[in-house]
Every structure is written in C-alpha cells, then in structure tokens.
Amino acid sequence: MAGGSEHQFGVVPLAERRGSLTMGLLWITMVTAFPGVLIGFDWCKQGFDVKQVLTCTLLSCLLLLCYSIPAGMLGACTGQNYTMLSRSVFGSLGARLVAFNLIWVFVSFYGLAALFLAEGLVGLFHLNVPLMWLAAVLAGLMACNNFFGFKGVANFARFVAAPVLIAWVFYSFTKAIGICPQTILAETSPKGFGTALTSISSFIIGFAVWGNECDYWRFGKPKTLTCAVPLVVALVIGQIIFPLTGFMLAKGTGITEYGAATAFMNQFSFGGFALAGALVLIASYFAVNDSNLFGSVQACAQLKDWSPRRWVAILAGVGTVVAAWLSVSGAARALESITSLNCVLLPTATVIMMVEWFLCRRLFKHEVFAPLDRAPRNLCWPAIVALVAGASVGILTAGIIPGLESFHVGICSLQAWLTGIVFYVPLRLLEERLKSTMSVSAPVPVPVTNAVSAHASSVERSPELSVRGR
C-alpha cells in the first residue's frame, strides 16, 4: 500500500522522481546554514592556518562524499525510505531502534533550530519578548511546508531558501576576499595537521551528514551523476566556501567570538539592514527544519500507520515543546553536543545497509531489498551487533563523555562506520552460510531469516529499479 502521494510504504515511481537541479537546491539548504560561517571564526580562534583549513575541509568533504553518494544511490535505486530499508536489514524490532534514534535526534535538532532562529531575531531587532514563546511560535510555523509533503519541502528549497543562501554565501565570500590580509598564505600554525583534521572534520561531517539520505534521494533519479553532482556542489558551497569566508573575515577583523561574529556578519553582509538578515536566517532555518521534520515523519509513519499530515502535527507539537524547554532550561548547548552524534548513530546504520546492498548484488545475487510486508519480524543479529559496536566506538572517540577526553582521536564518524563494516561482513557471511547449510540438509525449505534475501514483489519492483549491475 502507499502512504498517500508520499509512498510511505512503497517504492517512489520513476515518473515522480525529481531531477538533479531540484535535488541539488534542496541539498544546499540541508548543508548550508549560519553556523557554517561562524565555525570559520572558531577555526581561526583555535590557531589553524588557511592551508590547514583548505586541506582539511577538502579531505572531509571527499570522505563525506564517499559515504553520501552511495547512501543517496541506495535511496534512488531502491525507491525505499530509511525505515523500510532498515526493516529489511535489522528486522522489525531492530528497525524500531534505528527509527527511535532518528526521531529523537531530528526532533532535538528541530527544537534547536527554532531556538537559534529566535535568538537571531531577538539579536537583530532587539525584541523585548520572552524567548520561550518566540521559539515555540517559530517551531510551530516551521511545520507548514511539511503539510504538503516532499513537494512542499522541495519547492521551498528550490524557489526560496536555496537562492537566498547561494546569493548570501557568494556575496559574503567576495567581500571577505577584499578585507583578508595578503599574508594569510604565508602564515603557519603551531597546531599539528592531525589536530586540525580531527577538529575540522568533526564539524563538517557532523553538520553535513544526515544519515537518512535515503528518505530524500528516493525522490531522485537513479543515476550516479544525478546524485553525485548535486552533492558535490552543495558541499562546496556550504562546507568549503562558507566556512572559509568566516575564517578570512576572522583574519581580517580579529573577531573570533561567536556573539561578536554574529553581529559583525549582520553588518558586513546586510549593511546593518536587520530585515535582510532576518530573511536569510528565516530561509536557512526554515529549510533545515523542513528536512528535519520530513525525516522524522518518514520514520514515525513506519512505526504507526497514520497519515503523514497527522504525524507532522504531532511532531511539530513535540518540537514546539522542545524549543520552549531548551530556551528556559539552559540545556541547548549540551543538547547540541549530544545531537552531534548524528554523524555516528544514523550513518552507521546506513553504512550497514549499504554493505548489505553490495553483498546482495555481488555475492548473494539478490536484486532489491524486501518489501515491507516481507521484512523479518525479529532482530537480525549481525546488523544489531555491528550497529552497537560501531556506535560504541564512535561515541567513545567523539570526546563528549566526561573523563574520556583522551580517547578523542581520529575522526569519530569514520571510525564508527569502519567498525560497523568490520563486524557486519563476517557475521553476515556466516549467517548466509548457515542458512545455505540448513536449506540443503532440511527435508523442506527453511524460511528465509533475512528479508534482504527475498525478491521484491512484482508490484513493487520494476526493471528500471533493479540495482543489479549498477
């Protein structure tokens, strides 16, 4: 069955897929936001030089592309969303754990984005209104586009948010070049390259990775270039040019503190015209929360068969409460650190799905993931063990657990993903061998224990969606 026009429980037909322009503009809004320019000021404060910033941002983006292109293609080729795919790999109970992680992380981000927008508007206009009520009202308004499904999210990004953000980024970047000291290329940093890579990659991957790329790219066309080009362009704009702009401005002005940097960017980019700054902030944060809420709705609809609009209303209400609570509890910064684990928790599950996709195509000779009604009704232990192992390594090396800061080494997300692969591959191969042995020795066929091994029904599979040979 299909969940309305969003195909909540089925494959998105090829006739309803969007082109690279629409998907690219959407992705620009998902990886470009005001914190992206502010982090450049912080990198200057930490003492990194411009060569380290350029090299580390490029390496981080290349690493991110090695994950995000296959993750996008997984959604585009199967046409299924994150939770449907997780049911095939983790089992129905395991998928609930995966969905729960997505929901709490995205709803937390939703409340944070609403709070940050409220703080920005109060600072721009010097509003004398309770921050709690402003954040709550904004959180409610941010849900409007999602009532129109993916079409509403994509159209807002295409016609409003992306053009505003692109114009803002390149205008700021061009002006920043003019005030940046010419000696910047000759400067050297006392910090080692490893320290710079750990710090810079933690932000870029943590900010730009979503983990549930399948939810959005299932609406894209299943062609590698159609997926790769928009992702590359979006990362260049949002995670290379924008942070470099902040870094150059910090070098030219000496400003490194977030509060002063925010005020300076308003004056620098908009000439002190608060309304222009407000429009940029509104476009940016509304677009980000469009995607946050859309991903949460996709996960919730798989857990309970309610209409997408009903879930939008429920989750928007929860996000409103979260935004109001964060504004008065003082927990926003702590929660921001916790939700940075998004680059560990959600993508590790996606990496395991991508490994299963590869194994199905190359070794098991299965074409697509199983449809929802044929997913296993238990835990698929190879995937669960791999996810727990990967997440544990990622959390341990993320540097957020008090007393364990000495383990904050390397790139926590990459270490989590690789750990998940190392655990999953041998366990999955062992499971397949045991299944084959049982099938040969048993007098009757043994039911398939991993639904990824089952062929999709002819209703939900078409030759165009077959992933064999891609």
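So if R0 is 22 Å, what FRET efficiency would L58 and V233 give, r being the distance between their Cβ atoms, rounded to the nearest 0.05?
The calculated FRET efficiency here is 0.90.
Pairs to check: K191/K251; K175/K251; K51/K251; K223/K435. Give those whose C-alpha atoms are more than 25 Å from each other in this structure.
K223/K435
Toward the positive end of the charge dipole of segment 12-340, about the Cα centre and with charges on Cβ (Lys, Arg +1; Asp, Glu -1), which of L275, P230, V160 goes farthest?
Value: P230.
Have a look at I241, N146, W357 and report the one farthest towards the positive end of the charge dipole of the chain, computed about the Cα centre with Cβ charges (Lys/Arg +1, Asp/Glu -1).
The residue sitting farthest along the positive end of the dipole is W357.
For segment 90-167, compute Rh as the Kirkwood radius over C-alpha pairs and then the Stokes-Einstein diffusion coefficient at 25 °C and 0.890 mPa s; write the answer in µm²/s, rounded to an integer.
Answer from the Stokes-Einstein relation: 165 µm²/s.
Do the sum for the chain: with -39,500 (n - 2.57) for every DSSP H run of n ≥ 4, divided by all residues, what is the mean residue ellipticity at 222 nm, to the nearest 500 deg cm²/dmol?
-22500 deg cm²/dmol
Can you put I103, I177, I421 in order, fewest other beta carbons within 10 Å first?
So the ranking, lowest neighbour count to highest, is I177, I421, I103.
How would R309, R96 line up from fewest to most surrounding beta-carbon atoms within 10 angstrom?
Placing the least packed residue first, the sequence is R309, R96.
Arrange the following residues from fewest to most other Cβ atoms within 10 Å of their Cβ: I205, I69, I401.
Neighbour counts put them in this order, fewest first: I401, I69, I205.
Search the structure for amide H atoms under 5 Å from the amide H of G220, placed 1.01 Å from N in the peptide plane, and list their residues when 5 or more places away or on another chain.
R18
Bear in mind that the values in this text are calculations on the coordinates, not laboratory data. Not measured: the values here are computed from a predicted model. Backbone-built Cβ (ideal geometry, glycine too); neighbour counts: all protein chains shown.
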